[in-house]
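Comments concern the structure below.
Computed from the coordinates by the stated procedures, all read-outs in this text should not be read as laboratory data. All of these numbers come straight from a predicted model, not from anything done at the bench. Cβ sites come from the backbone with ideal geometry, for glycine too, and all protein chains shown count toward neighbours.
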Amino acid sequence: MPTITDNAICIRRWDYSETSQTVSFFARRHGIIRGLLKGAKRAKGRFGGGIDLLTYGEIVAIVRPDSDLATVTHWHLLEIYRALHQHLAANRAGLYMADLVHHMLREHDPHPRLFDVLRSALAGLEDVHHAQGTLLRFQWSLLCETGYRPQLDRDAASGKALPTTSATLAFSATAGGVVADTAPADRWRVRRETIDLIRAVAAGDPTEEFDDQDFERANRLLGAYIRELIGVEPKAMRWALPDLKP
């Protein structure tokens, strides 16, 4: 029974019994790990009453090949993201990011680069006025890391060049990116500014020229795309993107 030690972020938790807790961690080198914390809810136990959502720390766990649950033997808390407890917008964005990790990644499939992005994003939510920008960069990174990066520079359906003068374009989840033709019912009409903003994020370019509404539209577009990819709307998606259409 191998014992692993890794840095991790708590992305979900459930009650297992009156005294124990089941927690889903996103670990840097081991991916998503579901673990059982025996006696976690005891105030004087080794876990001090349980592990809070969206906290960062070091775990030690025993992984059994014949069990879906690892046994967590140690948790050393390293960081609490206080903005998540102080600002509703930051809290909702953080929960949504954790929900996306849960739905988009498989267990025991490591994504260290995405782990670093999530940790940076949670810290970035301290600046609540730029929460939409932080969320947009995380959604983009998640799509790239999981192999679903949308095509932005050419028509995703035909491969042809996109029009350069049209004020609106379209996005097709089926084709996997921006398309010129808005006629089919499964295509969403989008403003050119929305695509330009996502392009800037993809390139790491400055985004100061874009306003709050641009960021909100871009987040809704990527959120809708993710919803189509996974076939379900994560519960926290509606909290973070309240204006997202059904």
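Assorted remarks:
- Other-chain or far-sequence residues with amide H under 5 Å of G177's (modelled H): Q151, S172
- Cα-based helix-to-principal-axis angle, 88-104 vs the chain, degrees rounded to 10: 90 degrees
- Here is how the number arises for the chain: DSSP H runs of 4 or more residues each give -39500 (n - 2.57), the sum is divided by the residue count, and the result at 222 nm is -11000 deg cm²/dmol.
- Anchor K235: aspartates and glutamates whose Cα lies under 16 Å away (excluding residues fewer than 8 positions away in-chain): D99, D243
- Pairwise FRET efficiency - T3 versus A183, Cβ, R0 = 45 Å, nearest 0.05: 0.20
- Within the chain: Cβ-based charge dipole about Cα centre, in debye rounded to nearest 20 (Lys, Arg +1; Asp, Glu -1): 720 debye
- When the chain is treated as a GNM with alpha-carbon contacts under 10 Å, the residue of T73, T22, T55 showing the greatest mean-square fluctuation is T73.
- Contact order normalised by residue count of the chain, Cα under 8 Å, 6+ apart, percent: 15 percent
- Prolate/oblate/rounded call for segment 1-157, Cα gyration tensor, a/c under 1.5 rounded: oblate
- Ranked D15, D243, criterion: other C-beta atoms within 10 Å, fewest first: D243, D15
- Projecting the Cα atoms of V201, A218, V232 onto the dipole axis of segment 154-236, where Lys and Arg carry +1 and Asp and Glu carry -1 at the beta carbon, places V232 farthest toward the positive end.
- Residues considered: Y56, Y225, Y16. Largest GNM mean-square fluctuation over the chain, using C-alpha springs under 10 Å, is found at Y16.
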